[in-house]
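Chemist: The following block contains the structure, expressed as structure tokens.
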Amino acid sequence: MGSYLKINPIRLGKFNNAEYTNFMNRTLNQAVAVGIEKIGASEALIDNITANVNKMTEIVAQSRASVETAQIAETDKKADELIVYLMATFRTNLTSPIQAMRNAAETLYLKTKPY
């Protein structure tokens with residue numbers, strides 16, 4: 001009777017792209033080092049996996065940031081500031097002595113309250 005090595009499950013879903021690519025590279029290297037015949041894999045399968053791992057490595061190495069990212073962040077910040085200002089103005093004008101401003105503030109405040 002031979003001995004068996006129990007392999008504990010890993011949670012690949014918790015890996016980010018770089019970690020998963022690193023895991024796949026190491027697994028492929030181990031399979032090749034042990035010998036693909038011993039694990040029951042064909043040469044075509046290993047070639048296919050190698051090509052896919054190489055593609056993943058290239059994709060992970062690419063930068064996902066762009067020039068527009070900083071501009072979008074700045075625009076979002078300005079929009080947030082404007083929204084905060086408008087909502088504070090609506091709240092402040094709820095107690096305005098001018099009836100028209102108070103009426104407008106009540107309507108606008110109720111419309112924007114969920115946000």
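Computed from the coordinates by the stated procedures, all read-outs in this text should not be read as laboratory data. Being a predicted model, the structure only gives us computed values, none of them experimental. Here Cβ is always computed from backbone atoms with ideal geometry, including for glycine, and neighbour counts include all displayed protein chains.
Chemist: Can you name the residue in the range 61-74 that is of a type outside the set (A, V, I, L, M) and not in a helix (DSSP H, G or I) and, of all such residues, is nearest to Leu28 (Cα to Cα)?
Modeler: For the range 61-74, the residue satisfying everything is Gln62.
Chemist: Which of the residues belonging to the range 93-103 are surrounded by 12 or more Cβ atoms within 10 Å (Cβ to Cβ) and either touching a Ser or Thr at 6+ places or on another chain (Cβ under 6 Å) or part of a helix (DSSP H, G or I) (or both)?
Modeler: If the condition is that a residue be surrounded by 12 or more Cβ atoms within 10 Å (Cβ to Cβ) and either touching a Ser or Thr at 6+ places or on another chain (Cβ under 6 Å) or part of a helix (DSSP H, G or I) (or both), then Asn93, Leu94, Met101, Arg102, Asn103 are the ones that fit.
Chemist: Please go through the range 1-38 and give me each residue that is of a type in the set (Gly, Ala, Ser) and loosely packed, with under 13 Cβ neighbours inside 10 Å, ordered by number.
Modeler: Gly2, Ser3, Gly13, Ala18, Ala33, Gly35
Chemist: Considering (1) more than 30 Å from Ile10 (Cα to Cα); (2) surrounded by 14 or more Cβ atoms within 10 Å (Cβ to Cβ), say which one Ala41 fails and leave the rest.
Modeler: (1)
Conditions (1) aromatic (Phe, Trp, Tyr); (2) under 23 Å from Glu19 (Cα atoms); (3) in contact with a strand residue (DSSP E or B) (Cβ under 6 Å, 6 or more places away or on another chain), marked per residue:
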| residue | (1), (2), (3) |
| --- | --- |
| Gly35 | no, no, no |
| Asn54 | no, yes, no |
| Ile59 | no, yes, no |
| Val67 | no, no, no |
| Ala79 | no, no, no |
| Tyr85 | yes, no, no |
| Thr92 | no, no, no |
| Gln99 | no, no, no |
| Asn103 | no, no, no |
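Chemist: Looking at Val67, Val32, Val84, which one is over 27 Å from Pro9 (Cβ atoms), over 24 Å from the mean Cα position of the chain (by Cα) and not hydroxyl-bearing (Ser, Thr, Tyr)?
Modeler: After applying the criteria, what remains is Val84.
Residues are listed down the side, and each one gets a yes or a no for (1) of a type in the set (A, V, I, L, M, F, W, C); (2) assigned to a loop (DSSP other than H, G, I, E, B):
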{"site": "Ile59", "(1), (2)": "yes, no"}
{"site": "Asp76", "(1), (2)": "no, no"}
{"site": "Tyr85", "(1), (2)": "no, no"}
{"site": "Ala105", "(1), (2)": "yes, no"}
{"site": "Tyr115", "(1), (2)": "no, yes"}
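Chemist: Taking Thr50, is it in a helix (DSSP H, G or I) and within 29 Å of Pro114 (Cα to Cα)?
Modeler: So Thr50 fails the test.
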